[in-house]
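Data block below; observations after.
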């Protein structure tokens, strides 16, 4: 009997339940993946709490790696025995084995481990769309990246360095700032002891940055606008501190004709060809050692509630995976 984690109502980590799973055969557009490792992401918390509402009861988890064990009749790019990894809009990765749409399942290179594959897909593809698909960025440009020592942030630090982009990070402790610097940030601001707007202005000679990449949300959004140069882009891609409250759009004109976007990875990976191209670029950097995934925490699937608590308390660094 297989296992999966579900919720029957929204709430705290105590709502996570381990239940039995009886799996049928995949439909024509699906594959069956036997998991080897599972990724943990903040979107899982948003879905558990109801910030991103789902129809209940629901399984949770959007990222994992494993082996294809069955293939639907219409699937041609995958075969039984393939090593794969995925990020998928359809939750349900907190399990031993599952059926899921094949379009978001990508082959995992032989030199990339299952653990790295599970840690890399959602976070790595997020970084890929931030730097390549959201706003034009060129070598020598400067960006501000909040939560630079987190799972997405550490990949972003390395990615920016490899592209010749100057990344100024923020983090909640001197230790986390040191980690961001070790991974390629040119400077990292401890937001608990420093005013990040003031620091960014000093670091950019008063000009500001081309883009802000912000997964924190409510507590950083307004001040982040003041870090942008004229015509700069505010990319709000998460809500770790809560949803960004409504604001006067006229502020964007007053602060220099700024731009704001609220992207989601699932728009970018919806089509198989785009998803595969993004994954190819990610794994090229991983295989070459340009991007090194730091797995800061590994817990068994049975400790999923503890993993959620650690993530929400900002007690994690790098990526967190669940083992089977």
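Just so you know, all these numbers are worked out from the coordinates, no wet-lab data involved. Here the structure is a predicted model, which means the values were calculated and not measured. For neighbour counting, all protein chains shown are included, and Cβ atoms are generated from backbone atoms with ideal geometry for every residue, glycine included.
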**Item:** the chain: antiparallel DSSP beta bridges as a percent of all, rounded to 5
**Value:** 55 percent
**Request:** Report the residue, chosen from 66, 296, 24, that carries the largest GNM mean-square fluctuation when the chain is represented by alpha-carbon nodes joined by springs under 10 Å.
**Result:** 24
**Asked** What is the helix-to-structure angle for 114-132, meaning the angle in degrees between its Cα long axis and the longest Cα principal axis of the chain, kept from 0 to 90 and rounded to the nearest 10?
**Response** 40 degrees
**Message:** If I take every Cα pair under 8 Å that is 6 or more residues apart in the range 144-187, average their sequence separation and divide by the length, what percent do I get for the relative contact order?
**Reply:** 46 percent
**Prompt:** For residue 27 and residue 139, what is the calculated FRET efficiency with R₀ set at 51 Å and r taken between the beta-carbons, to the nearest 0.05?
**Reply:** 0.65
**Fill in**
Rounded to the nearest 500, the 222 nm mean residue ellipticity computed for the chain from DSSP H runs (n ≥ 4, each -39500 (n - 2.57)) alone is -8500 deg cm²/dmol
**Prompt:** On a 0 to 90 degree scale, rounded to 10, what angle separates helix 272-287 from the longest Cα axis of the chain?
**Reply:** 70 degrees
**Prompt:** By how many nm would the segment from residue 96 to residue 201 grow when fully extended, if each residue of separation counts as 0.36 nm and the alpha-carbon distance is taken off?
**Reply:** 32.9 nm
**Asked** Please state the relative contact order of the range 123-223 as a whole percent: Cα pairs under 8 Å, 6+ residues apart?
**Response** 28 percent
**the range 135-262: radius of gyration over Cα atoms, expressed as a fraction of 2.2 N^0.38 Å** = 0.96
**Complete:** When all Cα-Cα pair distances of the chain are considered, the percent exceeding 36 Å is 17 percent
**Message:** At a 10 angstrom cut-off on C-beta neighbours, averaged per residue, how do the peptides 1-11, 275-285 rank from highest to lowest?
**Reply:** 275-285, 1-11
**Prompt:** For the chain, what's the relative contact order in percent, using C-alpha pairs closer than 8 Å and at least 6 residues apart?
**Reply:** 17 percent
**Prompt:** Where the centre of each part is set by its Cα atoms, how far does the range 1-47 sit from the range 56-124, in angstrom?
**Reply:** 12 Å
**Request:** For helix 151-162, report the angle its Cα long axis makes with the longest principal axis of the Cα atoms of the chain; keep it between 0 and 90° and round to the nearest 10°.
**Result:** 60 degrees
**Item:** Approximate spin-label separation residue 182-residue 272, in nm, with each point projected 7 Å along Cα-to-Cβ
**Value:** 4.1 nm
